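Structure first, commentary second.
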Amino acid sequence: MCTVPSIHRTRRTDLTVFAIFSATFAYLLARCFIGVDFNDGSYVIALARRMAAGQAPLSSEMDGHTLGSMFAVPFTWVWISAFGITALVAASKAFAAVWIAGATYASYRALAPLFSRVPTALTMCAMCLALPYSLIVTSYNTVPMFGLLLATCAGYRTISSYSRRWTITTSLAATLAVVGFPIVGVAAVLLLIAVIWCCRHRGVSTKDLLTDVLAPCLIVAVLLAAFVLAVPGLSAVRESLHVQSASRQGAGSLSLLTGFISHELSYFTTAGKFPLALAAAIVAALMRKPLLIVLASLISGLLLFDFATNMPSPNTLAINAGLFPAPMAMLVTITWLPIAIRVAVTSPRYRGFLLLSLTALPAAAGVQMVTASGYDYGAAMDGLAPFTAAVLLGFGLHVWQPSMARAWRLSAVIPLAITGMCLTAVVFQEGPVFQHRTLVTSGPAAGLWVADNSLGAQHATQTLTAACPAHARALLVGLPGIYLWLPARSAATVSWLAMDSVRYIPLKAQLARHADCVIATPLDDFTPPLAADKNVQQQLLRGMRAATPPIVVETSAVHGPVVMQTYVRDGGS
């Protein structure tokens, strides 16, 4: 029988969880309206726009990255049909925020009956903000990240108490994560095998497992295979993957993984706050008195939070010092792993969740081996999310003990505060958030608050795209985000690696498109231009004339000024 105090405690917990999720989701939605970049952030939105306009995924240079953006195509098509390209970036980011919030809340619902609800809510909200590249988009990063997170949480709920609803959720979430970024496939398979094995040992029938776990996977796989065969076709897929592998030299190398591990550990082998935070976490893991536990945990958390509050200076573009939310969450994972192990030793229920989350590690390794940007921007979080969530939950459970005073339990909010602070600090390739003080009122970036350098890039882009003839077949070689400013019927291709990858463009296929307009970086601006790059670009520009002077679109932290120029076919306006 429920007593009045227990009813009051339940209501207080309900209100606390509601407040945590409401505040987090409101912030995430508000953050959607700050900043726009012409690279990774706009790239995935441009992919969705191109597919919404009828271009097939996995064809030409539309490589595996299109798979993550496919999930945004229906929304993108509806938005463009209703409003054109106006405010497309803000709308796409808001759409991403909505489904990310839904996946996060579903992950919480899966674990809520198994662990203390407040630390579980804080953990999932912290993960909601631990976004790779600090980008709120539907992409090959976010789809596998939140797909694997939901699959792992739902999978553990299935293992703990078999439910057909959560079993099907596990299967679908894992499968969709693989569709979004196939490199996480090994981890998804390991997760499903672990769930099936545990359920069989708990007496679940083979028929139920085949129906609830394997059937949803097979249905999605068959539909995807039929789509690939019918739309782009196998030959187009092979060519696309060849272009992707050729333009990403070194991808798949073990050195990318070992370099990343060395990079992460370097934070703990040099003097600074991270070794101190790790030492405090070890002390917290070894202590038995509640007060000492929470004090050591609080010190560790505050040291990490203090690092996250090192806001970049004004007009800073190269922000790599762990201030992006995903890499910061990775460093927190390493720091608090001793605490998670301690909780796992004393709590069999938590131990099971931590062990299940280990199935995600191959996904993190696979993602890191095909990208060179995970060091600074946290691409590996695509696969690491379940393990990071397990460690953060361990920290929350460690300080949220019944014997702790309510005031001390507030330290459980530190993980959310850390990832929130990082997302507040940085806009990808656009510098600090507080620089974004100008509201854009027209075009694809309408509704966004941007920095002065971003506003200048948009004006330069408008000049470049305005020089293209109406309804031109446009070829874009360089900044992929420029495509968003092209007319809706333009057929564009993107050389994703920009200035040093022109030689990888499938020349025969592009010449067959008979482009009317080319927006490209003049190779004479690079010292020295590669002969292969120059040869390809000269063939692409044969029969064309310059329609604009060279224009500096933006200043890259890596490459310096990025110069673009518009060329049109002789006789074009």
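The values are calculated or read from the model by the stated rules, or taken from the named source; none is laboratory data. Not measured: the values here are computed from a predicted model. Note that we place each Cβ from the backbone using ideal geometry, even for glycine, and neighbour counts take in every protein chain shown. Quick note on the areas: whole protein, heavy atoms, side chains included, nothing else; ligands and nucleic acids left out. Shrake-Rupley method; radii C 1.70, N 1.55, O 1.52, S 1.80 Å.
Is it the case, given these coordinates, that S134 is open to solvent by less than 10 Å² (accessible area, probe 1.4 Å), in contact (Cβ under 8 Å) with a residue 24 or more places away in the chain and in contact with a His (Cβ under 8 Å, 6 or more places away or on another chain)? Walk me through how you get there before you give the answer.
Numbers: open to solvent by less than 10 Å² (accessible area, probe 1.4 Å): yes; in contact (Cβ under 8 Å) with a residue 24 or more places away in the chain: yes; in contact with a His (Cβ under 8 Å, 6 or more places away or on another chain): no.
For S134, the condition - open to solvent by less than 10 Å² (accessible area, probe 1.4 Å), in contact (Cβ under 8 Å) with a residue 24 or more places away in the chain and in contact with a His (Cβ under 8 Å, 6 or more places away or on another chain) - is not met.
Could you pull out the residue among L88, L114 that is in contact (Cβ under 8 Å) with a residue 12 or more places away in the chain, surrounded by fewer than 20 Cβ atoms within 10 Å (Cβ to Cβ) and of a type in the set (A, V, I, L, M)? Lay out the reasoning, then the answer.
On the way: L88 fails: surrounded by fewer than 20 Cβ atoms within 10 Å (Cβ to Cβ).
L114 is the lone residue from the list that is in contact (Cβ under 8 Å) with a residue 12 or more places away in the chain, surrounded by fewer than 20 Cβ atoms within 10 Å (Cβ to Cβ) and of a type in the set (A, V, I, L, M).
Of all residues in the range 42-51, which are small (G, A, S) and in contact with a strand residue (DSSP E or B) (Cβ under 9 Å, 6 or more places away or on another chain)?
Scanning the range 42-51 gives a single hit, A46.
Since L256 meets every condition but one in (1) under 30 Å from G301 (Cα atoms); (2) at pLDDT below 80; (3) open to solvent by 70 Å² or more (accessible area, probe 1.4 Å), which condition does it not meet?
All conditions pass for L256, except number (3).
Give the residues of the range 429-453 that are assigned to a loop (DSSP other than H, G, I, E, B) and at pLDDT 80 or above, sorted by residue number. Give the derivation first.
Pass one, the range 429-453, residues assigned to a loop (DSSP other than H, G, I, E, B): 429-430, 436-437, 440-448, 451.
Across the range 429-453, the qualifying residues are H436, R437, V440, T441, S442, G443, P444, A445, A446, G447, L448, A451.
When T24 is evaluated against the numbered criteria (1) more than 20 Å from the chain's Cα centre (by Cα); (2) part of a helix (DSSP H, G or I), which criterion, by number, is the only one it fails?
With (1) more than 20 Å from the chain's Cα centre (by Cα); (2) part of a helix (DSSP H, G or I) applied to T24, the lone miss is (1).
If you take the residues of the range 63-88 that are assigned to a helix (DSSP H, G or I) and among the aliphatic types (A, V, I, L, M), which of them is farthest from R50 (Cα to Cα)?
Selected residue: A82.
Could you list, in sequence order, the residues of the range 41-71 that are among the polar types (S, T, N, Q) and either within 26 Å of L448 (Cβ to Cβ) or buried (at least 24 other Cβ atoms within 10 Å of the Cβ) (or both)? Give the derivation first.
To start, the set of residues in the range 41-71 that are among the polar types (S, T, N, Q) comprises 42, 55, 59-60, 66, 69.
Answer for the range 41-71, where residues must be among the polar types (S, T, N, Q) and either within 26 Å of L448 (Cβ to Cβ) or buried (at least 24 other Cβ atoms within 10 Å of the Cβ) (or both): S42, Q55, T66, S69.
Output the number of the condition that L278 fails; it satisfies all remaining conditions of (1) at pLDDT below 85; (2) surrounded by 13 or more Cβ atoms within 10 Å (Cβ to Cβ).
Evaluating L278 over (1) at pLDDT below 85; (2) surrounded by 13 or more Cβ atoms within 10 Å (Cβ to Cβ) leaves (1) as the failure.
Quick one: what pairs do we get from the range 515-534, first residue under 17 Å from L486 (Cα atoms), second in a helix (DSSP H, G or I) and modelled with pLDDT of 80 or more, C-beta under 8 Å, 6+ apart or different chains?
Filtered contacts from the range 515-534: A515/L540; V518/L540; I519/L464; I519/T465; I519/I482; A520/Q537; A520/L540.
For the range 352-397, give me each residue that is among the charged types (D, E, K, R) and either surrounded by fewer than 24 Cβ atoms within 10 Å (Cβ to Cβ) or more than 14 Å from the chain's Cα centre (by Cα) (or both).
The initial filter retains those residues of the range 352-397 that are among the charged types (D, E, K, R), namely 376, 382.
Passing the criteria: only D376.
Mind checking which residues of the range 137-169 are among the small types (G, A, S) and either in contact with a Leu (Cβ under 7 Å, 6 or more places away or on another chain) or buried (at least 24 other Cβ atoms within 10 Å of the Cβ) (or both)?
Answer for the range 137-169, where residues must be among the small types (G, A, S) and either in contact with a Leu (Cβ under 7 Å, 6 or more places away or on another chain) or buried (at least 24 other Cβ atoms within 10 Å of the Cβ) (or both): S139, G147, A151, A154, G155, S160.
For the range 317-424, which helices (runs of 4 or more DSSP H) that fit wholly inside it have 2 or more residues that are assigned by the TED database to the domain that holds G64 and closer than 30 Å to V450 by Cα?
Working: elements: 325-346, 348-357, 361-369, 374-377, 381-399, 406-409.
Helices (runs of 4 or more DSSP H) meeting the threshold: 325-346, 374-377, 381-399.
If the requirement is being of a type in the set (D, E, K, R) and over 30 Å from R11 (Cβ atoms), which of these qualifies: R31, R117, R109? Walk me through how you get there before you give the answer.
Working: R117 fails: over 30 Å from R11 (Cβ atoms); R109 fails: over 30 Å from R11 (Cβ atoms).
Answer to the selection: R31.
Just give me the residues in the range 313-345 being at pLDDT below 95 and among the aromatic types (F, W, Y), in sequence order.
F324
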